[in-house]
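The values are calculated or read from the model by the stated rules, or taken from the named source; none is laboratory data. Keep in mind the model is a prediction, meaning the values are calculated, not measured. Cβ atoms come from the backbone with ideal geometry, glycine included; neighbour counts cover every protein chain shown.
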Amino acid sequence: MKTRRSDRLIDMTRYLLERPHTLVSLTYFSKRYESAKSSISEDLAIVKRTVRERGTGTLETIPGAAGGARFIPSIDEAEAREFIETMTEELSEKDRLLPGGYVYLSDLLGRPDVLRQVGRLIATEYLDQKIDAVMTVATKGVPIAQSVSTFLNVPFVIVRRDSKITEGSTVSVNYVSGSSERIEKMELSKRSLKRGANVLIVDDFMKGGGTVNGMKSLIEEFEANLVGISVFAEGAFSGDRIVDDYSSLLKVDEINHTDKTIHVSEGNYLSKTFKK
């Protein structure tokens, strides 16, 4: 059924937003809305201008018979900074400090609005790099990995510290916990990663970097490639971190154990992503 332009624009935008990084042909849209390709091209020009002006992302239009449109989601610096400032305030709330210097994050990382923005921020940092999979460790990093993978439109894989029969054959590594300096084990299903895959590691919280370093070792065991490391928050750590090349949205830079308060500031994400 032939569709009015206003309806077409709404449905076309929704379709593209739900399929990031996916090339959709003009022929498909033309048949979907029973409209001429010239009309579809005009519609795409409107969508392209709007997402650019709103800082929502980029709509790539590719000419030719094999061409079409591809939506690349991202976030602009102003919106990213506003979100991070809001998170620093919420994480600085009293009584978030947990034993061992960790910070309670579950309430924030259970909110769809927060996870959506975290996914956009991390995906934006890796716009120009090829990523085949997002990796995290069970369990609190899972919602972050899922959000990032949605915006990058790639699978996410979950590293576990104990065997699950549903995982089948696994590859395991031993690693040193950066905070407790204990030897621990993590493993990943052999079917999770392909040789040569480009992997992005994400996690909710990092102190000494031992867990992240363990995931780096797993990536090496799979003969895959580490593209980057991004964490929602990094904690104050007095020793030498095992991992030094990473991005963090937030940083816990002061802890008062007496009154159980913390001071949170922005991490290095903004300076790394929006370089002048």
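Please find, among THR88, THR124, the residue that is buried (at least 17 other Cβ atoms within 10 Å of the Cβ), under 21 Å from ASP259 (Cα atoms), out of contact with any Cys (no Cβ under 7 Å at 6 or more places or on another chain) and modelled with pLDDT of 95 or more. Steps first, please.
Values: THR124 fails: under 21 Å from ASP259 (Cα atoms).
Just one listed residue meets the conditions, THR88.
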Of all residues in segment 195-213, which are farther than 18 Å from LEU121 by Cα, of a type outside the set (Ser, Thr, Tyr) and in contact (Cβ under 8 Å) with a residue 40 or more places away in the chain? ALA197, ASN198, LYS207
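Taking the conditions exactly as written (under 30 Å from GLU79 (Cα atoms), outside any loop (DSSP other than H, G, I, E, B), within 21 Å of the chain's Cα centre (by Cα) and at pLDDT 85 or above), does LEU226 satisfy them or not? Walk me through how you get there before you give the answer.
Values: under 30 Å from GLU79 (Cα atoms): yes; outside any loop (DSSP other than H, G, I, E, B): yes; within 21 Å of the chain's Cα centre (by Cα): yes; at pLDDT 85 or above: yes.
Yes, satisfied.
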Anything in segment 49-69 that is at negative phi and buried (at least 18 other Cβ atoms within 10 Å of the Cβ)? List them, or say none. VAL51, THR56, LEU59, ALA69
Checked pairs for segment 49-64, first under 20 Å from SER38 (Cα atoms) and in the same structural domain as LEU17 (by TED's automatic domain parsing), second at pLDDT 95 or above and part of a strand (DSSP E or B), C-beta under 7 Å and 6 or more apart or across chains, list as LEU59/ALA69; LEU59/PHE71; GLU60/ALA69; GLU60/ARG70; GLU60/ILE72; THR61/ALA69
Look through segment 5-20, keep the residues that are in a helix (DSSP H, G or I), among the basic types (Lys, Arg) and touching a residue at least 24 places away in the same chain (Cβ under 8 Å), and return whichever of them is surrounded by the fewest Cβ atoms within 10 Å (Cβ to Cβ). ARG5
Can you tell me which residues in segment 1-26 are modelled with pLDDT of 95 or more and β-branched (Val, Ile, Thr)? ILE10, THR13, THR22, VAL24
Lone unmet requirement of (1) under 19 Å from ILE131 (Cβ atoms); (2) surrounded by 15 or more Cβ atoms within 10 Å (Cβ to Cβ) for GLY196: (2)
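Check GLU266, GLU223, GLU187, GLU254 and return the single one that is on the phi > 0 side of the Ramachandran plot and of a type in the set (Asp, Glu). Quick ask: steps written out before the conclusion?
Numbers: GLU266 fails: on the phi > 0 side of the Ramachandran plot; GLU187 fails: on the phi > 0 side of the Ramachandran plot; GLU254 fails: on the phi > 0 side of the Ramachandran plot.
Answer to the check: GLU223.
Any residue at all in segment 239-247 that's under 21 Å from VAL114 (Cα atoms) and modelled with pLDDT of 90 or more?
At the first step, the residues of segment 239-247 found to be under 21 Å from VAL114 (Cα atoms) are 246-247.
Then drop every residue that is not modelled with pLDDT of 90 or more, which leaves 246-247.
For segment 239-247, residues under 21 Å from VAL114 (Cα atoms) and modelled with pLDDT of 90 or more: present.
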Against the conditions (1) at pLDDT 95 or above; (2) assigned to a helix (DSSP H, G or I), where does SER41 fall short? Just the number, please. (1)
Any residue at all in segment 147-161 that's in contact with a strand residue (DSSP E or B) (Cβ under 7 Å, 6 or more places away or on another chain), polar (S, T, N, Q) and either buried (at least 19 other Cβ atoms within 10 Å of the Cβ) or not assigned by TED's automatic domain parsing to the domain that holds TYR104 (or both)? yes
